[in-house]
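Colleague: Got a structure for you, questions after.
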Amino acid sequence: MWKQVSIRWQLIALMSTALILIQAALFAMDYLSDKHQRKQLSIEEAKTLSHALQHDLVKAVIAPRADTYSDISFRVSGFESVMMLAVLNSEGMQTLNYVREGFTPPDNLAIASTPETAFSDRFLHIKQPLVVDNYQFGEMFFLIDMEKYNTGLRQQFKNRLVVFLAGLLIALIIAWYISQNYTKPFTRLAEAMHNAKPENLNFPKVHTHHKNEIGVLYQGYNQLTEEITDKARHLKYLSEHDTLTGLRNRYFIEQKIAASLAEDGNQPSSLLMLDIDEFKIINDTAGHAAGDDLLKQVSLLLSQAVEDSAVLARIGGDDFMILLPGLDENQAQDYASNLAATLNGFRFTWQEHLFNITCTIGGVCYKPFEFTPQSISIALDSAFYAAKAKGHGQTHFYRPDDEKVQQYRSDVETVSILRDALLKGEARFELYAQAIVPFQKETTQVSYEILLRLKDAEGNLVYPDVFLPTADRYQLMVAVDSYVLWQYLETVSQHPEHIRNLAFVNINLGGATLNNPEFQEKIRQAISTFDFPWDKLVLEVTETSAVGNLALAADFIQYCRKLGMRVALDDFGTGMASFEYLKHLPLDVVKIDGSFVRDMLDDPVDRAMVSYVNDISKLRHQETIAEFVEFEEHEKLLKEIGIDYGQGYYLEKPKPLQDWL
């Protein structure tokens, strides 16, 4: 409560309280002094009275008579403070007892046991010996009312009260004056702080001629607000601008987009997303410094190309976003085409490197309340994805019924399911296995290829030809392949009898997985974690992804082969230079693509192709596996050709891995 009171009123209250306490102390001192004075007066009066009545009191003891008693009573009555007088003889018998008219002695009064001098409330009890010529005739007792003395205390209290009230009034006036003058600087400072508008970086300045602490305080306030303003402006700039290019950033343009979606009226706006094609290649080839310089030059080109009313922002990496207020779809398409033409003709030089730059642009045209900030972001991504799918240097605008947009939406949903499954959420992966049957030998051991199934949170099946291409497009294949490898090893390691009866297992890998450092590290972790016979593990890569990836991963493949692992080339025959691969790639197994096997019964060219692949593979000591064995005639013909293994629905359909254990 006290802290909520202003300094002015605190000062007035403190001065008033101090005066009241001082005056109360003076009143207390006067009271105590008066009390002490009354005690002294009563004692002196008792002594004077005893001395004056001494002889008469002796007579009252020796020869008590009525006239003696009357004379003594008359004389004592002249002393207003004496309420009672008693005389005791030497035997303690009371011979005289005077009580002032109208006075009633206290009930607990015991004259005989009263000490020589005692005080009780307002009375003095005093007992003195009655002595004449050194002979004690008895004792005298006086009861004196000290309140009967007129010491002037009341008048003194009245005078002090008048002086106090006058002093208090003067003190309040002085306190008000002091508070007005000495608290004014603080009041001005408080008003300046109250009137400040930090959200607008508006801090009123305060000025003073004081050179003392007030001057230091004002100067400190002004310096502090200046520093806060500078820092806040800098932070605001950083929060709304990209530090590399100086353009607006994602936060700023998203605020503008949200405002345009909620504004009044029916005015159209358009939103573009632009990125530099093959920017990663430039970064990898010439270095990040070159990439940063390219981003600065592209930002400059875009700044010169866009209108003042447009909002240009770099939202991350090589991605840019442009908000075009007032432009409908036709105008925005022309605008995007002009931007693309500007950048597509740009040649970027860095040291000895020269790059021809192209860009991809996706766009959305909208009116207020047609989208939410979230839905317009999805629509813009859809359009951008569709432009990317067309190739380099292309533009595409969003339409709800666009096939490519629908594909993107499907991809977004599939990616969400994939990530949930990788995190072992409500969606889940399931491992299946399909038998790989030996054609040229009899064995009790089993061989199979691991297949992957995906179910969403509701248990609905997501087909491999949907989620695997999506995982590849969105750089999730390494995570998926790592999951499959680890989950398989973790599962079969709990069944050592199954491992002993296992001839080999094929595990498919995405195009760049084998060359990925994270997957290579996962393999090393698996080797140190699981007690698995690694010569039974075959890593499959498709023919279309093998070129380049296997060459780059040569050292790691050599490491795996030293442990006994083998590498298989899947879907052989679908590439443009398939037989060249057989000569140069480090392969142990060749899987012949099912398209040749399926038609080999009716097409002699396909039959010759299967036979030729088998012959070449045997020359290089490579085993062969034929896919899509769907009929008994397939099996017979493949055995005649000399194919080592077959795989297909005729031989055995895929079933959950748990059924194999």
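Colleague: Restricting the count to DSSP beta bridges whose residues both fall in region 374-518, what percent are antiparallel, rounded to a multiple of 5? Can you show the working numbers first?
Modeller: Values: 10 of 15 bridges.
The antiparallel proportion sits near 65 percent.
Colleague: Summing -39500 (n - 2.57) over the DSSP H runs of n ≥ 4 in the chain and dividing by its residue number, what mean residue ellipticity at 222 nm do you reach, to the nearest 500 deg cm²/dmol? Provide the component values of the computation, followed by the final result.
Modeller: Numbers: 22 runs with 332 residues, N = 661.
Helices in the chain give a 222 nm mean residue ellipticity of -16500 deg cm²/dmol.
Colleague: Moving to a separate point now. Compute the distance from the alpha-carbon center of region 21-94 to that of region 482-504, in whole Å.
Modeller: 122 Å
Colleague: Next up: If I take R0 = 41 Å and measure r between the Cβ atoms of Ala289 and Asn222 in this structure, what FRET efficiency does the formula 1/(1 + (r/R0)^6) give, to the nearest 0.05? Walk me through the numbers on the way to the answer.
Modeller: Numbers: r = 43 Å, r/R0 = 1.05.
FRET efficiency, Ala289 to Asn222: 0.40.
Colleague: Restricting to region 281-386, compute how many DSSP beta bridges are antiparallel as a %, nearest 5. Kindly include the intermediate steps, with their values, before the conclusion.
Modeller: Values: 9 of 9 bridges.
Once the DSSP bridges in region 281-386 are tallied, antiparallel ones form about 100 percent.
Colleague: Can you give me the angle between helix 403-422 and the longest principal axis of the chain, using Cα atoms only, in degrees from 0 to 90, rounded to the nearest 10?
Modeller: That works out to roughly 60 degrees.
Colleague: Here's another thing I want to ask about it. Accessible surface of Ile523 in the full protein assembly, 1.4 angstrom probe, to the nearest 10 Å²?
Modeller: So the heavy atoms of Ile523 present about 0 Å² to solvent.
Colleague: Please list, in order along region 517-530, the HN-Hα scalar couplings obtained from phi with the Karplus expression 6.51 cos²θ - 1.76 cosθ + 1.60 (θ = phi - 60°), rounded to whole Hz, x for Gly and Pro.
Modeller: Running phi through 6.51 cos²θ - 1.76 cosθ + 1.60 with θ = phi - 60° gives x, 5, 5, 4, 5, 5, 4, 5, 5, 4, 4, 7, 9, 10 Hz.
Colleague: Please report the antiparallel percentage of the DSSP beta bridges confined to the chain, to the nearest 5. Don't skip to the end; give the middle numbers.
Modeller: Values: 66 of 94 bridges.
Taking every DSSP beta bridge with both residues in the chain, the antiparallel ones total about 70 percent.
Colleague: A further question on this structure: Lysines near Lys39 by alpha-carbon distance under 25 Å, same-chain residues fewer than 8 away left out - which ones?
Modeller: Straight-distance partners of Lys39: Lys47, Lys127, Lys148, Lys158.
Colleague: Follow-up question, since we're still on this one. Angle check, please: helix 543-552 long axis (alpha carbons) against the longest principal axis of the chain (alpha carbons), in degrees 0 to 90, nearest 10.
Modeller: 70 degrees
Colleague: Shape verdict for region 57-107, please, from the Cα gyration tensor: rounded (a/c under 1.5), prolate (a/b greater than b/c) or oblate.
Modeller: Working: a/c = 2.42, a/b = 1.35, b/c = 1.80.
Verdict is oblate for region 57-107.
Colleague: Okay, moving on. Averaged per residue, what accessible area in Å² does the chain show with a 1.4 Å probe, protein chains only? Write out the running numbers ahead of the final one.
Modeller: Working: 36160 Å² over 661 residues.
Dividing the accessible area of the chain by its residue count gives 55 Å².
Colleague: Something else about it: Let me test this: with uniform point scatterers at the alpha carbons of region 273-320, what is the Debye-based log₁₀ I(q)/I(0) at q = 0.19, 0.30 1/Å?
Modeller: -0.61, -1.19
Colleague: Also, I was wondering about something else. Mind scanning Lys197/Lys367; Lys280/Lys367; Lys441/Lys655; Lys280/Lys562 and naming the pairs with a C-alpha gap bigger than 29 Å?
Modeller: Working: Lys197/Lys367 34 Å; Lys280/Lys367 35 Å; Lys441/Lys655 24 Å; Lys280/Lys562 34 Å.
Correct reply: Lys197/Lys367; Lys280/Lys367; Lys280/Lys562.
Colleague: Excluding residues on the same chain fewer than 8 positions from Lys455, give the aspartates and glutamates whose Cα lies under 16 Å from its Cα.
Modeller: Of all the aspartates and glutamates, those that pass the test against Lys455 - Cα under 16 Å, at least 8 places apart if same chain - are Asp411, Glu413, Asp420, Glu426, Glu430, Asp465.
Colleague: Rounded to the nearest 0.05, what FRET efficiency is calculated for Leu423 and Ser309 with R0 set to 35 Å and r the Cβ-Cβ distance? Don't skip to the end; give the middle numbers.
Modeller: Values: r = 44 Å, r/R0 = 1.26.
The calculated FRET efficiency here is 0.20.
Colleague: Need the list of lysines near Lys211 for cross-linking: C-alpha distance under 22 angstrom, and skip anything on the same chain fewer than eight residues off.
Modeller: Filter leaves Lys184.
Colleague: Could you tell me the distance between the Cα centroids of region 440-460 and region 243-257, to the nearest Å?
Modeller: Value for the Cα centre distance between the two parts: 50 Å.
Colleague: Moving on. Relative to the first principal axis of the alpha-carbon coordinates of the chain, what is the inclination of helix 604-619, with its axis defined by its Cα atoms, in degrees from 0 to 90 and to the nearest 10?
Modeller: 70 degrees
Colleague: Which number do you get for Rg(Cα) / (2.2 N^0.38 Å) in region 11-146? Intermediate values should be presented prior to the final figure.
Modeller: Working: Rg = 19.9 Å, N = 136, 2.2 N^0.38 = 14.2 Å.
The value comes to 1.40.
Colleague: Taking a ≥ b ≥ c as the square roots of the eigenvalues of the Cα gyration tensor of region 216-266, is the shape rounded (a/c under 1.5), prolate (a/b larger than b/c) or oblate? Kindly include the intermediate steps, with their values, before the conclusion.
Modeller: Working: a/c = 6.26, a/b = 2.05, b/c = 3.05.
Because a/c hits 1.5 or more and a/b fails to exceed b/c, region 216-266 counts as oblate.
Colleague: Also, quick follow-up: Could you look at the chain and say what percent of its accessible area is carbon and sulfur, using a 1.4 Å probe and all protein chains? Can you show the working numbers first?
Modeller: Numbers: 19270 of 36160 Å².
Reported share for carbon and sulfur atoms: 53 percent.
Colleague: Simple spin-label model, 7 Å along Cα-to-Cβ: Ser73 to Asn134 in nm?
Modeller: Taking the simple label geometry, Ser73 and Asn134 are separated by 3.7 nm.
Colleague: Go ahead and run the numbers for FRET between Gln94 and Arg122, Cβ-Cβ distance against an R0 of 22 Å, rounding to 0.05.
Modeller: On the way: r = 24 Å, r/R0 = 1.08.
The calculated FRET efficiency here is 0.40.
Colleague: Return the whole-Å distance between the Cα centroid of region 585-661 and the Cα centroid of region 361-397.
Modeller: 45 Å
Colleague: Next question, about the same structure. Within the chain, what is the longest stretch that has no chymotrypsin sites (Phe, Trp or Tyr not before Pro) placed in a DSSP loop and near at most 12 other beta-carbon atoms within 10 Å?
Modeller: Numbers: sites that count: Phe103, Phe369, Tyr649.
My reading of the result: 370-648 is the longest stretch.
Colleague: OK, next. Where Rh is the Kirkwood radius over the Cα pairs of region 263-352, the temperature 25 °C and the viscosity 0.890 mPa s, what D in µm²/s does Stokes-Einstein return? Write down the numbers at each step before the final one.
Modeller: Details: Rh = 14.3 Å.
Reported coefficient: 172 µm²/s.
Colleague: Still on this structure, please answer the following. Run the 1.4 Å probe and let me know the accessible area of Arg500, rounded to the nearest 10 Å².
Modeller: 140 Å²
Colleague: Now for a separate question. Between rounded, prolate and oblate, where does the chain land on the alpha carbon gyration tensor, with a ≥ b ≥ c its root eigenvalues, rounded for a/c under 1.5, else prolate if a/b exceeds b/c?
Modeller: Since a/c reaches 1.5 and a/b is larger than b/c, the shape of the chain is classed as prolate.
The values are calculated or read from the model by the stated rules, or taken from the named source; none is laboratory data. From a predicted model like this one, the values you see are computed outputs, not experimental measurements. For neighbour counting, all protein chains shown are included, and Cβ atoms are generated from backbone atoms with ideal geometry for every residue, glycine included. Side chains included, ligands, DNA and RNA excluded: accessible areas come from the protein's heavy atoms. Shrake-Rupley method; radii C 1.70, N 1.55, O 1.52, S 1.80 Å.
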